[in-house]
Amino acid sequence: MEKKTFDVFIIGSGVAGRTVAEACAKQNMSVAVADNRAFGGTCANRGCDPKKVILGVTEALELSKHLQGKGIAELPILNWKTLMQFKKTFTGHIPQAVEQKLDCLGITLYHQTPKFIDENTLTVEGKTVEAKKIVIATGCVPRTLNIEGRSHLKTSEDFMEMKKLPKRMVFLGAGYIGMEFAHMAARCGVKVTVIEHGTSILKPFDADLASELLETSKALGIKFIFNAEISSLEKLTKKYRIHYTKNGDKYTLKAGAVFNTTGRVPAVGALDLEKGKVAYSKAGVVCNAFMQNETNPNVYACGDVSAHGLPLSPLSGIEANIVSKNIIKANVEKIELPVIPSVVFTLPNLATVGLQEEEAKSRYKNIIVNYKSATDWYNAKRINTPSYTYKVIINERTDLILGAHILGPHAAETINLFAMAIQKKMTTQELKAMIFTYPTWANDIKSML
């Protein structure tokens, strides 16, 4: 069988994959992109973007609830069907638009997961292709739960495609995906239960603020079951029965839908990486500072599938630009990660950047921890929000900000100012000297220092 040869073969068409594809194609390199799903990747098609469309409606519901009797006479009524139609205006055109853009650049497109045959050779759509450089940008997929009845589990993607919402939902896992969708469902009128094998929610985030968010979530009507292990899922006539154990005792729970939100893992299982001599770990494809695989120098990785950093879309673009430069000019730039903020899009938002309190205490001799509730501040009072808390960690000797953690409205936006301050090594005095518009959430950060 005749082989087709490319300068660059990219597996994955999300932010990372298409960024590399476009950059290399513009340098007159022969490029191919393969994806076993709709082109455009997770974030645009079935992740960050559609999720925030749904979040927008729940934000309106939340604000109206807080201001009921203070200018809002009647609460708005959610229409899930029209919300799904609105969501599709953001996602429906993505696959075709991405394919058209890549095709206009002369990029060959494949609609299947390739498999490695050797270090430079792949098989895809029944064809054999060879590439000088191969880029793995396949992202992540939901973690598989090894339980009986796991085929009945739904994912966050299924949630965003539901034609109607059931009366009861269960989310397995209290990480950021489980918490975000639990909040959305609860505000849409669903009775929600979250089952978590650990002792609390959102382990990577500040424990004090996560604990407060837990109480806020309970007040919303979300029920939590901690220290529990799922044993099986049983399909009934119209519902599902979950079997789980807690403290050695067995329990069951019925729901109209059960979602696996136990986390996501690198999407490498179908690639036959061993045949390509591609090193990988549980965290993803192992790379050096050039984003080049450690055991197969012809392979690069970028985006969520890379073991290099956090699975965040902005980081995917940074990594993809590094990979592009190093393929085009032969390893000319090493990646240097900037300060990376992160957020859970619950309501209120829980946002973080920099060091956690315990980590800061272990690294520095003298630190200042400003940890306070701000519900009596003007911005919180004007929208009557019950949750607004911050924790800012400062190096007492240098006056530099080491970490910032915010639970409150628009924390996802406010945290970016702290990220900038930490990245640029601004002291608290320099930040306090800045002039921000007033009265805004951004201006509040000066009172947090």
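The values are calculated or read from the model by the stated rules, or taken from the named source; none is laboratory data. This is a predicted model, so every value here is computed, not measured. We place every Cβ from the backbone using ideal geometry, glycine too, and count neighbours over all the protein chains shown. Heads up: the accessible areas ignore ligands, DNA and RNA and are worked out on the full protein's heavy atoms, side chains in. Shrake-Rupley method; radii C 1.70, N 1.55, O 1.52, S 1.80 Å.
Over the chain, what is the mean sequence separation of C-alpha contacts under 8 Å (at least six apart), divided by residue count, expressed as relative contact order in percent? Kindly include the intermediate steps, with their values, before the conclusion.
Details: 931 pairs, mean separation 65.3, N = 449.
For the chain, the relative contact order is 15 percent.
Going from most exposed to least, what order do H183, H308 have by accessible area with a 1.4 Å probe?
Values: H183 5, H308 60 Å².
My answer, sorted largest first, is H308, H183.
So for the chain, taking the charge dipole from beta-carbon charges (+1 Lys/Arg, -1 Asp/Glu), which of H93, P114, I134 sits furthest toward the positive end?
The residue sitting farthest along the positive end of the dipole is H93.
Relative to the first principal axis of the alpha-carbon coordinates of the chain, what is the inclination of helix 94-104, with its axis defined by its Cα atoms, in degrees from 0 to 90 and to the nearest 10?
Tilt of helix 94-104: around 30 degrees.
Which Cys in the chain stand alone, with every other cysteine's Cβ at 4.7 Å or more from theirs?
Isolated Cys, the chain: C24, C104, C140, C188, C287, C302.
With each label point set 7 Å from Cα along the Cα-Cβ vector, what nm distance links S447 and E119?
It is 6.2 nm.
How much length would be gained if the chain were fully extended between E358 and E430, taking 0.36 nm per residue of separation minus their Cα-Cα distance, in nm to one decimal?
Details: separation 72, 0.36 × 72 = 25.92 nm, distance 2.55 nm.
Extra length from E358 to E430 when fully extended: 23.4 nm.
Starting from a Cα-only point model with no solvent, please compute log10 I(q)/I(0) by Debye for segment 209-344 at q = 0.09, 0.13, 0.14, 0.16 1/Å.
-0.48, -0.79, -0.84, -0.91
Counting only helical runs of four or more DSSP H residues, what would the 222 nm mean residue ellipticity of the chain come to if each run contributes -39,500 (n - 2.57) and the total is spread over all its residues?
So the calculated ellipticity at 222 nm is -9000 deg cm²/dmol.
On full extension of the chain, what length is gained from N366 through K381, given 0.36 nm per residue of separation minus the C-alpha to C-alpha distance? Before the final figure, lay out each step's value.
On the way: separation 15, 0.36 × 15 = 5.40 nm, distance 3.39 nm.
Working it through step by step, the gained length comes to 2.0 nm.
Once both labels are modelled 7 Å past Cα along the beta-carbon direction, what's the A330-T108 spacing in nm?
Label at A330, label at T108, 2.5 nm between them.
What does the charge count around G309 come to, taking other residues whose C-beta lies under 12 Å from its C-beta (Lys +1, Arg +1, Asp -1, Glu -1)?
Numbers: positive: none; negative: D304, E319, E336.
Surrounding charge for G309 is -3.
Net charge near A34: determine it from the other residues with C-beta under 11 Å of the C-beta of A34, scoring Lys and Arg +1 and Asp and Glu -1.
Result for the neighbourhood of A34: +1.
About its Cα centre, what dipole magnitude does the chain give when the only charges are +1 on Lys and Arg Cβ and -1 on Asp and Glu Cβ, stated in debye to the nearest 20?
So the dipole magnitude of the chain works out to roughly 1140 debye.
Sort the following peptides by mean Cβ neighbour count (other Cβ atoms within 10 Å, averaged over residues), highest first: 422-431, 271-280.
Final packing ranking: 271-280, 422-431.
Summing Lys, Arg as +1 and Asp, Glu as -1, what charge do residues with Cβ under 12 Å from the Cβ of N349 carry, N349 excluded?
Neighbourhood net charge equals -3.
Scan segment 282-385 for trypsin sites (Lys or Arg not before Pro) in coil per DSSP, keeping those whose Cβ has at most 14 other Cβ atoms within 10 Å, and list them by number.
Listed in order of number, the matching sites are K282, K334, K365.
So how tilted is helix 207-219 from the main axis of the chain? Cα-based, degrees 0 to 90, rounded to 10.
The angle comes out near 70 degrees.
By accessible area of protein heavy atoms, probe 1.4 Å, what ranking do I445, I230 get, highest first?
I230, I445
If DNA, RNA and ligands are ignored and the probe is 1.4 Å, what is the ranking of V265, V299 by accessible area, most exposed first? Kindly include the intermediate steps, with their values, before the conclusion.
Details: V265 40, V299 0 Å².
Highest to lowest solvent-accessible surface, that is V265, V299.
Would you list the P(r) distribution for the chain, with all Cα-Cα distances sorted into 10 Å bins from 0 and each bin expressed as a whole %?
Spelled out per bin, shortest first, that is 4, 19, 25, 26, 19, 6, 1, 0.
Distances over 19 Å make up what percent of all Cα-Cα pairs in segment 189-249?
Numbers: 773 of 1830 pairs.
In whole percent, the share of Cα-Cα pairs in segment 189-249 beyond 19 Å is 42.
Run the simple label-point estimate for T5 and K250 please: 7 Å along Cα→C-beta, distance reported in nm.
6.3 nm
So, with +1 on the Cβ of K and R and -1 on the Cβ of D and E, and no other charges, what is the size of the charge dipole of segment 295-365 about its Cα centre, to the nearest 20 debye?
On the way: 6 positive and 7 negative charges, 45 e Å.
Value, rounded to 20: 220 debye.
For segment 366-449, with only Lys/Arg (+1) and Asp/Glu (-1) charged at the beta-carbon, what is the dipole magnitude about the Cα centre, in debye rounded to 20?
Numbers: 9 positive and 6 negative charges, 4 e Å.
Around 20 debye, computed over segment 366-449.
Considering just Cα atoms, how many Å³ per residue does the convex hull of segment 82-202 enclose?
Working: hull volume 22.9 nm³, N = 121.
Value for segment 82-202: 189 Å³ per residue.
Can you tell me which aspartates and glutamates have their Cα less than 13 Å from the Cα of K250? Leave out same-chain residues fewer than eight positions away.
Of all the aspartates and glutamates, those that pass the test against K250 - Cα under 13 Å, at least 8 places apart if same chain - are E229.
Can you give the angle from 0 to 90° between the axis of helix 176-187 and the longest principal axis of the chain, with both taken from C-alpha atoms, to the nearest 10?
50 degrees
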